[in-house]
Every structure is written in structure tokens, then in C-alpha cells.
Amino acid sequence: MRSTSDRVVGLPGSERARTETIRYTVAGAAGVLLTVLLGAVVLRSGTPFGFDAGWHRWVLAHRDPGLSDVAVAVTDTGVGACAYCLAAVAGALAVSRWRRWWLGAVAGVVALLLGQLLRTSLAVIVGRARPPVVHWITYPSGFAFPSGHTTTSALVAAGLAAVLYRRARRRSTRVAAVAVPSIWAFTVGLSRIYLGVHWPTDVFAGWLLATVLAVVCLPSLGALLAWIGRDQPDRPDPC
């Protein structure tokens with residue numbers, strides 16, 4: 001009997017095996033890089049690397065008032081109501097039976113909450129300070145590593161891309177389904193550096209963490225949403 005995740009993916013055995021190999025390879029590589037970066041940050045007590053300081057100085061020297069306004073607008077979409085609404089939309093679209101869309105929406109929001117909880121816990125454990133406050137254009141909260149906006153937007157983008165890709169029928173539509181959410185999440189991450197509230201390695205760590213979580217957890221979340229949307233057997237007549 002095929003497992004639930006197999007039924008969701010709907011791929012032949014050989015192709016499914018290749019997909020699983022790629023999935024574990026990507027998760028493993030991202031996990032190793034995140035662990036190495038985490039260890040280096042802890043050993044340095046959060047002190048920025050030369051790469052961090054150099055890029056930060058370059059950004060400060062090339063700021064533009066108009067671009068700063070755009071960066072603030074973009075970064076605001078990375079968390080809060082916008083991110084949770086997008087997570088809810090992704091969860092609702094993943095449920096095949098529309099009358100149960102709200103269950104999918106709840107699952108999407110809960111999944112994002114759990115990802116944020118993990119990210120926040122990691123940030124508190126590391127305790128890395130942000131760049132100097134005089135360089136901030138916006139006012140964040142909490143510790144810097146890994147970036148919360150970056151992690152959250154990347155997780156939402158991964159969920160949206162997975163759902164939209166599966167629903168798309170044309171090749172061009174599938175490319176757009178992956179490209180648009182990815183570009184949005186990438187831009188949110190860059191905006192955090194531009195606004196002076198994160199070191200580049202904070203953002204890179206956010207992308208790595210989101211990659212690990214998405215690759216490991218999305219198949220199980222997809223199986224749960226498929227179970228929510230499947231036909232349920234009729235209850236026996238009590239009479």
C-alpha cells in the first residue's frame with residue numbers, strides 16, 4: 001500500500017526516489033552550512049565578520065531616500081498580517097475540497113507559527129546583537145541571528161510555490177509559480193540588510209533555516225492537507 005505522502009506526490013517510483021534523494025541532499029547541505037555558520041557566530045560572540053561589516057558599510061554609502069521607502073514597504077510584507085494571510089492562502093489552496101478550505105488555512109498559519117517559534121528560540125539562544133541603532137531606517141525587535149523577516153518570508157514563499165506549482169498546468173505558469181514567491185522572499189531578505197537592521201549573515205542564516213524546515217516539513221504538511229481534503233467515509237446511520 002502506498003503511503004500518504006506517495007499519493008500526494010503522485011510520482012513513479014524511480015522519479016520519486018530521485019526526488020527524495022535531491023530533497024535530503026538539499027536539506028543536509030543547508031543544515032551543515034547553517035550549523036557551521038551558527039558555530040562561527042557563537043564562537044565570535046556575535047561579532048560581525050569582515051564580510052558583514054564591509055557590506056554594511058557599502059549599503060550605508062549607497063542609500064537613496066526613494067529606495068529606502070521601497071525597502072520599508074517590502075520588508076513590512078515579510079511578517080505580520082501579510083505573511084500570515086499568505087500562509088493561510090497557501091494552506092487553503094492545498095486542500096482539494098473547497099468546503100474545508102478553512103482547515104487548510106488554519107494548518108498553514110499553525111505551520112508558520114511553529115517555524116517562527118523555532119526561529120525565535122534559536123535567536124534567543126545565540127543572542128547576536130544587531131548593527132548600530134544609528135544605522136537603522138526601521139525599528140526591529142529581538143535578536144539578529146537568524147533574521148525573522150527573512151525566515152518567515154522564505155517559509156511562506158516555499159509553501160506558496162509548492163502549492164501553485166502543483167496546481168499549474170503549463171510550464172510557463174509553473175516557472176512563475178516558483179519564481180514570483182522566491183523573488184519576493186529574496187527581496188525581503190535584502191531589504192533587511194539595506195535597512196541596516198541585520199548583518200548579511202543573519203539573512204543568509206534565515207534562508208538556510210527556512211530551506212531546512214521547508215524541505216523536511218513540507219511533504220508531511222502536504223500529506224496532512226491532502227488528508228483534510230480527501231473524501232471522508234459516510235458515517236453509519238444510527239438507526
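The values are calculated or read from the model by the stated rules, or taken from the named source; none is laboratory data. Since this is a predicted model, take the numbers as computed values, not measurements. Counting neighbours? That spans all protein chains shown, and the Cβs are built from the backbone with ideal geometry, glycine included. With ligands, DNA and RNA removed, areas are computed over all heavy atoms of the protein, side chains included. Shrake-Rupley method; radii C 1.70, N 1.55, O 1.52, S 1.80 Å.
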May I ask you to list the residues in segment 70-94 that are of a type outside the set (A, V, I, L, M) and in contact with a helix residue (DSSP H, G or I) (Cβ under 6 Å, 6 or more places away or on another chain)? THR75, GLY78, TYR84, GLY91
Within segment 75-105, track down each residue that is in contact with a Gly (Cβ under 7 Å, 6 or more places away or on another chain) and either outside any loop (DSSP other than H, G, I, E, B) or surrounded by fewer than 22 Cβ atoms within 10 Å (Cβ to Cβ) (or both). VAL79, ALA87, ALA88, ALA90, GLY91, ALA92, ALA94, SER96, ARG97, ARG100, GLY104, ALA105
If I filter segment 62-72 down to residues being closer than 16 Å to ILE193 by Cβ, open to solvent by 60 Å² or more (accessible area, probe 1.4 Å) and not acidic (Asp, Glu), which single residue comes out as nearest to the chain's Cα centre (by Cα)? VAL70
Inspect segment 163-185 for any residue being surrounded by 23 or more Cβ atoms within 10 Å (Cβ to Cβ), touching a helix residue (DSSP H, G or I) at 6+ places or on another chain (Cβ under 8 Å), at pLDDT below 95 and in a helix (DSSP H, G or I) and give the result as yes or no. yes
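I'd like to check something: does segment 22-41 contain any residue that is outside any loop (DSSP other than H, G, I, E, B), of a type in the set (S, T, N, Q) and modelled with pLDDT under 95?
From segment 22-41, those outside any loop (DSSP other than H, G, I, E, B) are 22-41; that's our starting set.
So of that shortlist, the ones also of a type in the set (S, T, N, Q) come out as 25, 35.
Those still in the list that are modelled with pLDDT under 95 too: 25.
Within segment 22-41 (the criterion being outside any loop (DSSP other than H, G, I, E, B), of a type in the set (S, T, N, Q) and modelled with pLDDT under 95), the answer is yes, since at least one residue qualifies.
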